[in-house]
1. How many of the residues in segment B:149-176 are in a helix (DSSP H, G or I), touching a residue at least 60 places away in the same chain (Cβ under 8 Å) and open to solvent by 10 Å² or more (accessible area, probe 1.4 Å)?
2. Condition first: hydrophobic (A, V, I, L, M, F, W, C), without any contact (Cβ under 8 Å) to a residue 40 or more places away in the chain and surrounded by fewer than 20 Cβ atoms within 10 Å (Cβ to Cβ). Can you find one or more residues in segment B:86-102 that meet it?
3. Residues of segment A:70-87 being facing chain B (nearest Cβ under 10 Å), of a type outside the set (D, E, K, R) and part of a helix (DSSP H, G or I), which ones?
Amino acid sequence: MSDVHTHDNHAEHHHHEEAPHASFSGYMIGFLASVFLTAIPFWLVMGGVFESKATTSLIILAFAAVQIVVHMVYFLHMNFHSEGGWNMLSLLFTAVLLFITLFGSLWVMYNMNVNMMPGMMQ
Amino acid sequence: MSQSVAVNSNLDFVVRDHHAPNGTLLGFWLYLMSDCLVFAALFATYGVLSQSYAGGPTGAELFDLPLVALNTAFLLFSSITYGFAMLQMQQGKKHGTMIWLGITGLFGAAFLAVELYEFYHLIHIGAGPQRSAFLSSFFALVGTHGLHVMIGLIWLVTLLFQLSKHGLIQENRRRLFCLSMFWHFLDVIWIGVFTFVYLMGSMT
């Protein structure tokens, strides 16, 4: 009896510890997508494809966002059920804080520059 | 092999199961998320100061995009080779794991060497961190990322020794998982760096 019990425990143990089960195809999909999503932004900037800097910026930021998701899914094996959802919850919480920190700082400081030092804005 | 060990030592298992085996992985993930906030602050600082050249050189004048592309490739290759190391680990192949881990380390070292060369070059031509607010925030952000890569490399070499000494025991598997999260996380941060700092900085 004890043997069976141990064996069960062992299987479960392994299942928990190696919850993010990786596969060759998963890594290759992630890698090829990343190459694609990296090469295009570099080409857009180095080749000067678009006249407008704003257009290029928006497009390469979008590519970066997509690539971050690709890395999260295919390399970091993020999903909604690993660790009972706590991985995803902490990631979303971090993303909210990140958004507030980044855009809050840029927004506040931009407005301060415009209102306090109008002569310095190019 | 590990199975026979496990079956033979009942006590070991009871004790280990009470340790909540996946607690480490979740805890390490939470560390990475807090590290992410460190980078969020550094990105925000850079974003605010990225136009404050103080009459000094701009990003467009300084950044060498082919070099950045090379570095990006190194880091991306190191991500996929770490993935291969994890696949070898899942199949219980110690030597394969160590070989792919070694290749990952070489790519990481190449990345670090190129970045150090870039820093050395910038400081040499008088564009060091003290030149302008733009360069201070640039060195703070990119330097912090580079420091993380260096710590990852030290960790990786340590794990190579651990693996050669103890093999693919449960503790080493856990360490490999943690380092894999750390390594892929650094690649994610680098996506932000090359897009936000280098590519967007080269346009202005």
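The values are calculated or read from the model by the stated rules, or taken from the named source; none is laboratory data. Owing to the predicted nature of the structure, the values given are computational and were not obtained by experimental measurement. Glycine also receives a Cβ, built like all others from the backbone with ideal geometry; neighbour counts cover every protein chain displayed. For the accessible areas, the whole protein counts, side chains as well, though only heavy atoms, and no ligand, DNA or RNA atoms are used. Shrake-Rupley method; radii C 1.70, N 1.55, O 1.52, S 1.80 Å.
1. 5
2. Checked against the condition, which is being hydrophobic (A, V, I, L, M, F, W, C), without any contact (Cβ under 8 Å) to a residue 40 or more places away in the chain and surrounded by fewer than 20 Cβ atoms within 10 Å (Cβ to Cβ), segment B:86-102 yields at least one hit.
3. A:70, A:71, A:72, A:74, A:75, A:82, A:84, A:86, A:87
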